[in-house]
Amino acid sequence: MQGRVMHKDAINRRSILTGGTALGAASLLPRRVLAQGTASSPHTGPAAILPARGEFVVRGAHVLSMDDAIGDLPGGDVHVRDGRIVAVAASVNAPGAQVIDGKSMICMPGFVDTHWHHWTSFLRPVMRADDPKRTYFPVTFALGLHYTPEDSYRSARLGLAEALTAGVTTTQNWAHNVRSPAHADAEVRAMRESGLRGRFAYGTPLGLPNDQPMDLADVARLKRDIGKDAMLTLGICSRNVDGTTGGTRGSVDPEMAKKECGAARELGLPITLHTSGTGAIPILNKTGLLGSDLQLVHPLNTSAEDQEACAKNGVKYSISPLGEAGRAGEMQFAEMMQAGVKVSISIDNVTAERCDCFACMRMLQTVNKHRTGGKFALTTKRLVQLATIDGAQDLGFADVTGSLTPGKRADLILVRTDAPNMSPIGDPYDALVQLAHPSNVDAVVADGRILRRNGQFTALDHDKVVREAMDALADLKTRAKWS
């Protein structure tokens, strides 16, 4: 009989996966699969195990589809089978499917982050808001020079875990400290093990001389390795192009930018780069580097001519509201949107801020009211679109995610509306933008895998992720002689 006793933790984990419903013994034993493309590390043991995709229906939720043809359903169902959205309707017939009670929930697409430096995530304990020597740029540069591949893996894994808790199902990993091919592989491994959808934006190592190109041969190698991975794509993140050669992240001249961007375009890869300073857009425009495959980050300090050039060339812009609100210069997302530039929302980093797409939307709402007095119409529904379908369009994933559309992959979240900070709600979009925070995210589904349920991870051991991140940080500080 001893062999049939089930540990209470295993029982709790299975209850989380099923939402506590009476589904029968077979359904209480979700299969597990190895994360695609992963390999064991000598430091971290076997590759992560993800919950298998199954069949379930969310019943009775307030569905915000982000699909104009479907609209919103105050009491609707979403049917998912084998990772694919089968139906979204007021009532769905799905005999035998696992039932997730959506009462007092908003069911919506998962958030799409379009710019996040996951490699910096475990540096949070080192930061000090009031010590100029321990703020983001000095710390990430000083310690980033000493990263091992295992540091990159553990830090990215920590950031991806936080993304999950906050309802992010797609992220662009803006990796601007790829110190070797092994570092790139380590971050890609973390992304695959997380179960999230995403783009890996391959960058240069910190400290690389501005007259040396990024490792273009390894970019090509990684493109072959990623291949037709349904969950992961590849791009490059370029160094700054702003007419200077300073800064801890590097800043290249037009010729180097043309070389790197040209190589990326020959490989069919999208490009992203920071432009928070002045002068970058005119340089990019003059050298012919603006294009629909280019995403710029931080729309600050731009002119009307810059905005027009971006719109004319189909350039997209990622805005990081929580960080940009504290930077010098105006947050010009309203001007960009008025000019016709596609804008999306990003987290940037979680060293001094948190992953909170609700707060990002709320910050944009507040800044817009402050700057324009409401003259630029930015509704709460439009803000939710920026955080979902517009982000998917930016990253090239709109055919598979960003809306609850039959035929797309099932990337969705459930947001509880009966918590004290939310209840009672009126307009659901108002509630998401003005009231919600990550603790209200009850369930997270990525590509049909239930990764969080009842506010808890279904497979990931978060305590272990944190512990291993902190062990790696301690070793990193020792190697860097950081005190």
Which ones in region 127-147 are without any contact (Cβ under 8 Å) to a residue 24 or more places away in the chain and crowded, with 18+ Cβ neighbours inside 10 Å? none
Yes or no: region 56-68 includes at least one residue that is farther than 24 Å from Leu395 by Cα, surrounded by fewer than 18 Cβ atoms within 10 Å (Cβ to Cβ), out of contact with any His (no Cβ under 6 Å at 6 or more places or on another chain) and at pLDDT 95 or above. no
Exactly one of Arg124, Arg154 is modelled with pLDDT of 95 or more, assigned to a helix (DSSP H, G or I) and crowded, with 24+ Cβ neighbours inside 10 Å, and that one is Arg154
Restricting to region 225-254, what's the tally of residues that are part of a loop (DSSP other than H, G, I, E, B), touching a Lys or Arg at 6+ places or on another chain (Cβ under 9 Å) and either open to solvent by 50 Å² or more (accessible area, probe 1.4 Å) or modelled with pLDDT of 90 or more (or both)? 6
Which pairs have Cβ atoms under 6 Å, sit 6 or more apart or on different chains, and link a residue in region 418-440 that is more than 13 Å from Ser104 (Cα to Cα) to one that is small (Gly, Ala, Ser)? Pro438/Ala166
Contacts under 7 angstrom Cβ, first residue in region 317-346 being farther than 18 Å from Asn173 by Cα, partner of a type in the set (Ser, Thr, Tyr) and part of a loop (DSSP other than H, G, I, E, B), 6 or more apart: Arg327/Ser276; Gln332/Thr302
Considering (1) under 25 Å from Gly402 (Cβ atoms); (2) basic (Lys, Arg); (3) open to solvent by 40 Å² or more (accessible area, probe 1.4 Å), say which one Arg197 fails and leave the rest. (3)
Hits in region 82-113 (condition: in contact (Cβ under 8 Å) with a residue 60 or more places away in the chain, more than 27 Å from Ala230 (Cα to Cα) and surrounded by fewer than 17 Cβ atoms within 10 Å (Cβ to Cβ)): Asp101
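The values are calculated or read from the model by the stated rules, or taken from the named source; none is laboratory data. Keep in mind it's a predicted model, so treat the numbers as computed, not measured. Cβ atoms come from the backbone with ideal geometry, glycine included; neighbour counts cover every protein chain shown. Accessible surface areas use protein heavy atoms only, side chains included; no ligands, DNA or RNA. Shrake-Rupley method; radii C 1.70, N 1.55, O 1.52, S 1.80 Å.
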